[in-house]
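For reference, the structure discussed in these notes is given below.
The values are calculated or read from the model by the stated rules, or taken from the named source; none is laboratory data. The structure presented is a predicted model; accordingly, all values stated were derived computationally and were not measured. So basically every Cβ, Gly included, is an ideal-geometry build from the backbone, and we count neighbours across all protein chains shown.
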Amino acid sequence: MTDLTAARPRSTLSEMRDGIADLWPAMVAAAPIALLYGAVALAKGLSPLEVMLSSALIFAGGAQLAAIELWTVPVPVAALVLSTFLINARYVLMSASLAPKVAHLPFAGRLLGFHVLADENWALAERRAAQRPITAAYFFGMGAAFWINWVAWSYAGAMLGPLLGDPRRFGADFAFTAIFIGLIVSFVTGPRAGLVVVVSGLSATGAYLALGSPWHVRAGALAGMGAAVLAHRDAPAPADQAEAAP
């Protein structure tokens, strides 16, 4: 049966509202992480303005935290480049999976949308695409809200972080992990998807124990890709399923 509610055209404001409503738990979880980044960056010698600009121009939470932890004088350029490359390489896969679903949007808009792409709004966009076409208002509105949220809270961390102390003592660093677990569970729709998640998780855990961070990010991604190819290689095509249906 066709979902007439999903097929009905919706206003730009409604689409933006949906995007922010879907994303707000991730925005809440990002706040303490951004505060932590701002406080650490200030302690490493960056000014509040430099902290704000780094978040606005780079917008890569995990890579920013990894880079600022390595930040010394003189700057270890090779270590910074390697760590950020390994952590951010996942965006190549995320962008490739999302690109066909936003191909109808303007090219310049897609570039801007991918600049503000993060794990959370990528996963939510993928989930949205499974239900109805992704609109510009939903994609850009959600990304812009997350970008503003991250920039504002990292700036606040640079201004107030030394007074607040380390947010990790409250368990704030687990907030992102909890959201990722919830997002992953929503993607497990069958045994094949479950297999991919298990293989990826075990590979990332093994790499982390054996090699440490950030190698586990690449190991989990590659293992998950391999498992997905093997699990779906013999899966029947939609046309075959339709022919086999009574």
> Looking at Val73, Val102, which is the one that is over 19 Å from Gly161 (Cβ atoms) and modelled with pLDDT of 85 or more?
Replying inline: Val102
>> Let me spell it out: the conditions are (1) modelled with pLDDT of 85 or more; (2) surrounded by 12 or more Cβ atoms within 10 Å (Cβ to Cβ); (3) in the same structural domain as Ala56 (by TED's automatic domain parsing); (4) of a type outside the set (Gly, Ala, Ser), and Gln131 meets all of them except one. Which number is the exception?
In response: (2)
>> Given the options Ala221, Ala235, name the one that is assigned to a loop (DSSP other than H, G, I, E, B) and at pLDDT below 80.
In response: Ala235
> When residues of the stretch 18-53 are filtered for being part of a helix (DSSP H, G or I), of a type outside the set (A, V, I, L, M, F, W, C) and free of Cβ contacts under 8 Å to residues at least 60 places away in the same chain, how many remain?
Replying inline: 1
> List the pairs whose first member sits in the stretch 192-217 and is closer than 18 Å to Leu230 by Cα and of a type in the set (Gly, Ala, Ser), whose second member is surrounded by fewer than 16 Cβ atoms within 10 Å (Cβ to Cβ) and at pLDDT below 80, and whose Cβ atoms are under 7 Å apart, counting only residues at least 6 apart or on separate chains?
Replying inline: Ala193/Phe187; Gly194/Val188
> For the stretch 161-193, what are the residues that are surrounded by 14 or more Cβ atoms within 10 Å (Cβ to Cβ), part of a helix (DSSP H, G or I) and at pLDDT 70 or above?
Replying inline: Gly161, Ile184, Arg192, Ala193
>> Checking Leu46 against (1) within 15 Å of the chain's Cα centre (by Cα); (2) closer than 23 Å to Val151 by Cβ; (3) not aromatic (Phe, Trp, Tyr): exactly one of these is not met. Which one?
In response: (1)
> What number of residues within the stretch 61-83 satisfy the criterion of being closer than 20 Å to Met94 by Cβ and touching a Phe, Trp or Tyr at 6+ places or on another chain (Cβ under 8 Å)?
Replying inline: 3
